[in-house]
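What follows draws every value from the coordinates through simple rules; no lab data is involved. Please read all numbers here as calculations on a predicted model, not as lab measurements. Neighbour counts are summed over all protein chains in view; Cβ atoms, including those assigned to glycine, are modelled from backbone coordinates with ideal geometry.
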Amino acid sequence: MWHRRPRLNSWRLTLLLAASGLSASAVAVADDPEPSDDVLTVYLHDHGDAIAERFTEDTGIEAQIVDMSGGEILARIEAERANPQWDVVYVQGHGSVHRLYETGQLLDDGWQPEAAENYTEMGREIYEQDPETAWWPVTVNAPALLVYNPDYVDADDVTSWDALHDPQFEGRVGMPDPAISGPAYPYVSWFFEDDMDAGYAFWEKVFDNGVRMYRSNSPVAEALAAGDIWVAGLEEPNTYGEVENDESIEVVYPEEGTPGAARAVGISADTDVADDAKAFVEWMLSAETQQYLTEIEHRNKYFVPLIEGAEPNDLLPPNQFLDEVTPYAFTDYEWAGEVEEEIKRWFSDMAQ
């Protein structure tokens with residue numbers, strides 16, 4: 001019989017976080033429900049209530065959701081490392097999830113979901129890099145699109161990512177904080193993959209241009225629509241949601257490419273409810289669930305299904321970029337996981 005390790009209550013976890021240099025607010029401890037020993041606990045970002053209710057309805061398995069930003073999820077997992085409180089993680093950033101696998105934090109018992117046989121071409125592009133890895137892509141999107149406010153910027157002035165350090169936009173460039181926002185790390189790391197020194201040089205010029213750092217993508221979108229910033233890297237779902245709302249935002253698809261990232265799911269190596277966790281993974285990768293996630297009303301309702309039999313939603317009319325089979329440029333997830341701490345630490349130092 002399985003026996004779960006004792007759960008940490010909120011105040012004990014707060015002390016642990018303080019000792020590790022993280023604030024309680026940074027990982028949303030105080031407002032989280034107290035995990036139950038025998039209930040599947042899922043750490044995720046976005047769609048929490050909709051996922052929990054539908055999962056229980058479809059499977060009869062109770063689940064409790066801890067919904068935080070991607071960066072907060074990863075920080076909390078690290079803070080809990082000696083006594084994990086989670087059973088499943090569903091978060092943006094294939095490199096970040098792979099790092100959990102490489103450090104032994106994901107269940108690796110040889111199990112693979114049957115639904116993995118039904119990946120689309122885009123899903124297989126990620127999964128088949130290493131089909132024995134103990135995490136699975138659920139959806140993909142661009143962790144950042146190059147966007148601008150046409151009320152303040154001419155289209156001819158924003159044609160490449162170099163616009164982020166163009167002196168004419170000094171103090172009017174925005175981005176999410178890679179230490180807090182899940183999509184921000186796969187966004188910024190994309191510029192480092194071919195040449196680390198070139199990546200540092202690029203982002204140093206962006207900082208020299210007075211970039212404004214925000215906790216997440218939503219305030220970046222709000223600042224862009226309001227004219228507080230004029231140019232930004234903004235996550236794809238947020239971008240299309242703002243476009244749908246007729247906000248003053250235009251999208252550029254630069255010739256040098258657009259970064260892509262998988263939102264992936266994995267199971268804790270310390271889970272005591274492995275069967276329930278595996279059922280959750282299978283459910284997330286079913287065509288029915290993937291179709292459901294394209295249809296729910298949510299601020300980030302843009303969802304790209306990776307399973308055959310599910311169709312993308314109609315949030316945007318077709319365009320040349322989205323019509324491509326694999327429009328995104330994915331970083332190598334092993335490399336992205338290896339350099340994550342180094343790159344995030346550099347951004348934290350630069351932001352001070």
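The charge dipole of region 59-141, taken about its Cα centre with unit charges on the Cβ of Lys, Arg, Asp and Glu (plus for the first two, minus for the last two), comes to roughly 300 debye.
What FRET efficiency comes out for the pair Glu282/Asp49, r = Cβ-Cβ distance, R0 = 30 Å, nearest 0.05? Provide the component values of the computation, followed by the final result.
Working: r = 21 Å, r/R0 = 0.69.
With a Förster radius of 30 Å, E is 0.90.
With the simple model of a label 7 Å out from the Cα in the direction of the Cβ, Glu338 to Gln168 spans 4.1 nm.
Nearest 0.05, what FRET efficiency do Asp349 and Ala329 give at R0 = 25 Å with Cβ-Cβ as r? Each step should come with its number before you reach the end.
Numbers: r = 27 Å, r/R0 = 1.07.
It comes out at approximately 0.40.
Each residue of region 74-87 is assigned a 3J(HN,Hα), and the resulting list reads 5, 5, 5, 4, 5, 5, 8, 3, 6, 8, x, 9, 10, 10 Hz, derived from the Karplus form 6.51 cos²θ - 1.76 cosθ + 1.60 (θ = phi - 60°), x at Gly and Pro. Assuming a ≥ b ≥ c are the square roots of the Cα gyration tensor eigenvalues, decide whether region 147-248 counts as rounded (a/c under 1.5), prolate (otherwise, with a/b larger than b/c) or oblate. Because a/c hits 1.5 or more and a/b fails to exceed b/c, region 147-248 counts as oblate. Place a label point 7 angstrom from the Cα of Asp272 along the Cα-to-Cβ direction, then list the residues of region 39-82 whose backbone nitrogen is under 12 Å away. Hits in region 39-82 for Asp272 at 12 Å: 39-40.
Round to the nearest 0.05 the FRET efficiency obtained for Tyr200 and Ala226 when R0 = 45 Å and r is the Cβ-Cβ distance.
Numbers: r = 31 Å, r/R0 = 0.69.
Working from the Cβ atoms, E equals 0.90.
Each other residue within a Cβ distance under 15 Å of Tyr214 adds +1 if Lys or Arg and -1 if Asp or Glu, for a net charge of -3. Residue ranges 201-211, 92-102, 278-288 sort as 92-102, 278-288, 201-211 when ordered by packing (mean number of other C-beta atoms within 10 Å per residue, highest first). Exposure proxy shown here: for Phe169, Phe303, the number of other Cβ atoms within 10 Å sets the order, fewest to most, as Phe169, Phe303. Taking amide H as placed 1.01 Å from N in the peptide plane, the amide H of Gly210 sits under 5 Å from that of Gly171, each at least 5 places away or on another chain.
Please report the relative contact order for region 153-218, taking Cα pairs under 8 Å with a sequence separation of at least 6, and give it as a percent rounded to a whole number.
Values: 65 pairs, mean separation 30.3, N = 66.
After rounding, I find 46 percent.
Each residue, Glu255 and Thr56, gets one label point 7 Å from its Cα in the Cβ direction; the gap between the two is 5.4 nm.
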